[in-house]
1. Which members of the stretch 166-176 meet the condition of being touching a residue at least 40 places away in the same chain (Cβ under 8 Å) and touching a Phe, Trp or Tyr at 6+ places or on another chain (Cβ under 9 Å)?
2. Quick one: which strands (runs of 3 or more DSSP E) lie wholly within the stretch 101-181 and hold at least 3 residues that are over 17 Å from R25 (Cβ atoms)?
3. Of the numbered conditions (1) modelled with pLDDT of 95 or more; (2) in contact with a Ser or Thr (Cβ under 7 Å, 6 or more places away or on another chain); (3) surrounded by 15 or more Cβ atoms within 10 Å (Cβ to Cβ); (4) closer than 19 Å to W32 by Cβ, E138 fails exactly one; give the number of that condition.
4. Please go through the stretch 19-59 and pick out each residue that is among the charged types (D, E, K, R), surrounded by fewer than 18 Cβ atoms within 10 Å (Cβ to Cβ) and either touching a Ser or Thr at 6+ places or on another chain (Cβ under 8 Å) or assigned to a strand (DSSP E or B) (or both).
5. Among the charged types (D, E, K, R) and either part of a strand (DSSP E or B) or under 17 Å from V174 (Cα atoms) (or both): which single residue out of R72, R16 fits that description?
6. On the basis of being closer than 17 Å to I40 by Cα, in contact with a Ser or Thr (Cβ under 8 Å, 6 or more places away or on another chain) and of a type in the set (G, A, S), does A123 make the cut?
7. Filter the stretch 83-100 for residues that are assigned to a helix (DSSP H, G or I) and of a type outside the set (A, V, I, L, M, F, W, C); which is surrounded by the most Cβ atoms within 10 Å (Cβ to Cβ)?
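The values are calculated or read from the model by the stated rules, or taken from the named source; none is laboratory data. Just so we're clear, the structure is a prediction, and the values are computed from it rather than from any experiment. Note that each Cβ is placed from the backbone with ideal geometry, even for glycine, and that neighbours are counted across all protein chains shown.
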Amino acid sequence: MRLFTAIDIPDALRQRAVGWIQQFRPTAKARWSPAGNLHITTKFLGEVAGERLAGVEEALRTISRGGPIPIRLGGFGWLPNPHSPRILYWGVHAPESLSALHTATDAAMAALGIPRETKPFRAHLTLARIPPDCPVVELRQAIASLPPEQPAQFEATSFHLYESELHPNGSVYVKRAEFPL
C-alpha cells in the first residue's frame, strides 16, 4: 500500500481551493486535484507492506509533537520552479514546528527502514499536476488577474496517515489513522 502523512485543511479553505481549481481548469490540461485529495503532505512513505501498517501507526504515535500548528495559506507557486512547472500549489506558511513534524516523522519512518526524504521539506497544497507538454501561459494569466487574496489561516490540531489507492481515474486517499498534535 502507498502511504503518506498529511495535515487536513478546514472545509472552508478546501472550498476556496476548489473554487480556484474550477476557475483555472479551462486554462490548462493539467491533472487537477479532487476536493477530497487537498491536504498538506508532511511525509511520503511510499509502498509499505500491509503487515507493516500497525508498526507504522505505532511509530507515528510515539513521535514528539509540540502542540497545534498555526498555518497560513497564501500565494501560488510552481514546483520544482516557475521555468519548468510540474505542480501548481497554494503556498503554506507555518512556524518551524511544521518542519519539525516532518523531521520527526522522517526519523520515525527511517527507524522502520522507510527511506528518508532526499529533498528539503517544502510544505505546499497541490492544486494541479502539470504534464511536461502542457502550456501554462493562460493559467499564469488567470493567476495574475486574481484580486488580492484574503488571509487564509487555521490551526492544525492533528495529522493523519493516509493510503493512496490508485484507480484508473486517479488516486483516492483513504484515512487510516489520526494523531493529535
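1. So in the stretch 166-176, the residues touching a residue at least 40 places away in the same chain (Cβ under 8 Å) come out as 166, 170-173, 176.
Passing the criteria: Y173, R176.
2. So the answer is 152-156, 158-167, 170-180.
3. It fails just one condition, (3).
4. Answer for the stretch 19-59, where residues must be among the charged types (D, E, K, R), surrounded by fewer than 18 Cβ atoms within 10 Å (Cβ to Cβ) and either touching a Ser or Thr at 6+ places or on another chain (Cβ under 8 Å) or assigned to a strand (DSSP E or B) (or both): R31, E47.
5. None of the others qualify; the one that does is R72.
6. yes
7. From the stretch 83-100, those assigned to a helix (DSSP H, G or I) are 96-100; that's our starting set.
Those left that are additionally of a type outside the set (A, V, I, L, M, F, W, C): 96-97, 99.
Working: E96: 10, S97: 17, S99: 15.
Checked the stretch 83-100; the qualifying residue surrounded by the most Cβ atoms within 10 Å (Cβ to Cβ) is S97.
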